[in-house]
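Novice: One structure, pasted below without further comment.
The values are calculated or read from the model by the stated rules, or taken from the named source; none is laboratory data. Keep in mind that what you see is a predicted model, and the values were worked out from it rather than measured. Cβ: placed from backbone, ideal geometry, glycine included. Neighbour counts: every protein chain shown. We work out accessible area using only protein heavy atoms, side chains counted, and drop any ligands, DNA or RNA first. Shrake-Rupley method; radii C 1.70, N 1.55, O 1.52, S 1.80 Å.
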Amino acid sequence: MATLSIPNPVPSAIEDAEKLRKAFQGWGTDEKAMIAVLAHRDAAQRKQIKIAYEEQYKEKLLKRIESEISGHFERAVYRWIFDPVERQAIMANIAIKNKVVDFPVIIEIACINSSNELLAVKQVYQSLYKHSLEEDVASHATGDFRKLLFALVGTYRYDGEEINTELAKTEAKILNDAITKGEYNSDEIIRILSTRSKAQLQATFNCYKDAHNLSITKALSTKTPNDFVIALRAAIRCRTTPTKYFEKVLRNILQKSGMDEDALTRVIVMHAEKDLKEIKELFQTRANMTLEQAVAKKTSGDYENFLLALIGN
Amino acid sequence: MATDEQLALTRALSGDGGLGVEESTLVSIIGKWRKKPEHISSFRKSFNRLFSITGHIEKCEDDHMQKLVMEFSRFHQITVLWAMHPHERDARWANQVIHKNHPSSILVEIASTRSAEDLLGARRAYQTLFHHSLEEDVAYQVKDSKSKLLVGLVSAYRYEGQKVDNDVAKSEAKALHNALKTAGANKIIEIDEVVRILSTRSKSHLKAVFKYYKELHGKYLEEDLSGDALLQQTVLCLDSPASYFSQVINSAFKEGANHAETEGLSRVMVSRSDVDMEEIKEAYAKLYGAKLADVISKKTRGYFRDSLLSLAGEAKA
């Protein structure tokens, strides 16, 4: 469930556009007023506000926002404003154009969406960037990452519930063979992980656990940190237990030293209108504090206020 | 000396190598030879592709009986294919490649010549029919060197716009040339760069790549790919589908064409009738110096012939 809270009744798009305009005028920016509007509207409402603002004031809302605010706050608001499909297309593009492809973003987008949701992202991606998502992933990623990311992004997976138990056993064995040999980049691992349906994949991992008394993600933990294996584990988790995956990402960000604002922004912004509630609840049981408390501890200022507003404050 | 009627009947039963049967001739001769068993007995003796004298009868040969079943069913097959949803057709053909050992070239054909939306539609139909994705079945069943290329091609959801970055196209033409030159003992069909470029780039972009390849290196990419028929076919399908389809049609008409080749005729005529049949007729005339309609009229029979002519947008012969 979403954590996004919308006032009832909700002001009209024109009223909201006016409030934003007021927030921009004069010295400095009234960030609180901005957050009060933008962090409490759903995708359709945000779209109407953009349209109303542009009609009324003859300038693009996004351009104005970019000139009014900056830093992590600006990046978070920018990503938030778009609807989920366009947002993911934009974030995928940013991830790809990075010096080194930001693989967690691509893996998340490729693995947590249903086949048709991912297709919608690809269609918007094409209209925005005049390339297919697949071709950009393939031409920017290299080596094993290219193999994995391309396979995850390119497959239009079957979404059905059927399970073939014999096949699950066979493929659990194939996975074990590759893992035992340390061949983490094996074509078979990538094939199974990227082409099998969610139900079939879950069955395969269950067989694996039954046969070896070890979950597949634990089996893939290597002593030396290896980016590719990290990517594999992320893909496995995203495909089978996404809530747990995102909870862990948040906990890693918020409870370890250092701070990755981009990753924090990504998780909050991409899930606030989807399933942040479940992630939040799990976080609380695991971290012994609420997500709000954890975010407040490690962030500050307008950025903190914006995130807290999305989380459900 | 075979009589005219015997010759006509031979032709009508596809005894001259033509495809399909001449239904109207068969019906007419059945009528004419009623109560004249000596006529048909004499025909059996003359038509030794189908009958051979064994004991006191001219026995029907099994393999020719099979062939007759095939020839009679060409019209049936083409009609059912024509009635089917195009995506279901493609899904069934793909399934035959994967599970009935039909040639991989059919999979390459479907993946490379359909529009992005139609290929996606075929994949959806495949899921509906077979409860698996096409990608997972190809990846699972194809375990030889073709695997990378085939999986890449069927997974494609290409950008269909006209926008091309010429610098990238030039550099990819060079990259292809380089990859082919340095392949050495490795199979070119497995080279990552080759598969990446051919299976992800838009068709407009690829046409530019192929153009630059010729400009920069003096040879057409297809010539340099002559060591790998499937790769050559991929390039041809992406660059000039009308030429490719003309070649498939022509193979069906050659002497000793096998089952897969003759089926190619029906597959192409049905699947392209509403899409690019005009371009195919043009390409065919250029390649083989003959009108497609004329060759169809000469080499096929009966309702099968008439349906092909209709699919080609031509009046009956």
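Novice: Which of the pairs A:Lys47/A:Lys130; A:Lys22/A:Lys50; A:Lys32/A:Lys248 have their Cα atoms more than 25 Å apart in this structure?
Specialist: Check vs 25 Å cut-off fails for A:Lys32/A:Lys248.
Novice: What is the average number of partner chain Cβ atoms found within 10 Å of a Cβ in B:290-296?
Specialist: 0
Novice: Still on this model: For A:Asp210, tell me the accessible area in Å² from a 1.4 Å probe, rounded to the nearest 10.
Specialist: Accessible surface of A:Asp210 is approximately 130 Å².
Novice: Next question. Answer rounded, prolate or oblate for region A:137-219, using the Cα gyration tensor with square roots of eigenvalues a ≥ b ≥ c: rounded when a/c is under 1.5, else prolate when a/b is larger than b/c, else oblate. It would help to have the intermediate numbers written out before the result.
Specialist: On the way: a/c = 2.61, a/b = 1.30, b/c = 2.00.
It is oblate, given that a/c is not under 1.5 and a/b is not larger than b/c.
Novice: Summarise the partner chain shielding of B:188-197 as one whole number: the mean count of Cβ atoms from other chains within 10 Å of each residue's Cβ.
Specialist: The shielding value for this peptide is 2.
Novice: Averaged across A:155-167, how many Cβ atoms of other chains sit within 10 Å of each residue's Cβ atom?
Specialist: Details: counts 9, 12, 6, 13, 2, 5, 1, 2, 0, 2, 0, 0, 1.
If you average over the peptide's residues, the count of other-chain Cβ atoms is 4.
Novice: Alpha carbon centre of region B:294-317 versus region A:16-41: separation in Å?
Specialist: 71
Novice: Tell me the Kirkwood radius of chain B: reciprocal of the mean inverse pair distance over distinct alpha-carbon atoms, in Å.
Specialist: Here the Kirkwood hydrodynamic radius works out to 21.9 Å.
Novice: Under a plain spin-label model, where a point goes 7 Å from the Cα along Cα-to-Cβ, how far apart in nm are A:Ser221 and A:Ala287?
Specialist: 2.1
Novice: Distance between the C-alpha centers of region A:199-262 and region B:214-273? Whole Å please.
Specialist: 46
Novice: Further question on the same structure: Hey, rough spin-label estimate for B:Val27 and A:Lys169, points 7 angstrom out along Cα→Cβ, what's it come to in nanometres?
Specialist: The two pseudo-label positions are separated by 5.8 nm.
Novice: Right, next: Any idea which of B:His99, B:Phe72, A:Leu220 is furthest toward the positive side of the dipole for the protein assembly as shown, if Lys and Arg beta-carbons carry +1 and Asp and Glu beta-carbons -1?
Specialist: A:Leu220
Novice: How high is the relative contact order of chain B, given as a whole-number percent (alpha carbon pairs under 8 Å, six or more residues apart)?
Specialist: Answer for chain B is 18 percent.
Novice: Something else about it: Within region A:107-132, which residues have the backbone N less than 13 Å from the label spot 7 Å out from A:Lys60 along Cα→beta-carbon, could you tell me?
Specialist: Inside the label zone: A:128-129.
Novice: What does the accessible area of A:Glu66 come to, in Å² to the nearest 10, when a probe of 1.4 Å is used?
Specialist: 90
Novice: Would you mind checking the tilt of helix A:115-129 against the longest principal axis of the Cα atoms of chain A, expressed as 0 to 90 degrees and rounded to 10?
Specialist: 60
Novice: Which of rounded, prolate or oblate describes region A:179-230 when judged by the alpha-carbon gyration tensor and an a/c cut-off of 1.5?
Specialist: Oblate shape, in that a/c is at least 1.5 and b/c is the bigger or equal ratio.
Novice: Separate question: In the protein assembly as shown, which cysteines lack any other cysteine Cβ under 4.7 Å from their own?
Specialist: A:Cys207, B:Cys60, B:Cys237
Novice: Now for a different question. Check each of the GluC sites (Glu not before Pro) in region B:180-280 and keep only those in coil by DSSP with at most 12 other C-beta atoms within 10 angstrom; list them in order.
Specialist: Taking region B:180-280 and a limit of 12 other Cβ atoms within 10 Å, the loop GluC sites (Glu not before Pro) found are B:Glu255.
Novice: Evaluate E = 1/(1 + (r/R0)^6) for B:Ile53 and B:Lys286, where r is the Cβ-Cβ distance and R0 equals 41 Å; express this FRET efficiency to the nearest 0.05.
Specialist: 0.25
Novice: Also, I was wondering about something else. Please work out whether region B:113-214 counts as rounded, prolate or oblate from its C-alpha gyration tensor, where a ≥ b ≥ c are the square roots of the eigenvalues and a/c under 1.5 means rounded, while otherwise a/b larger than b/c means prolate and anything else oblate?
Specialist: Since a/c reaches 1.5 but b/c is at least a/b, the shape of region B:113-214 is classed as oblate.
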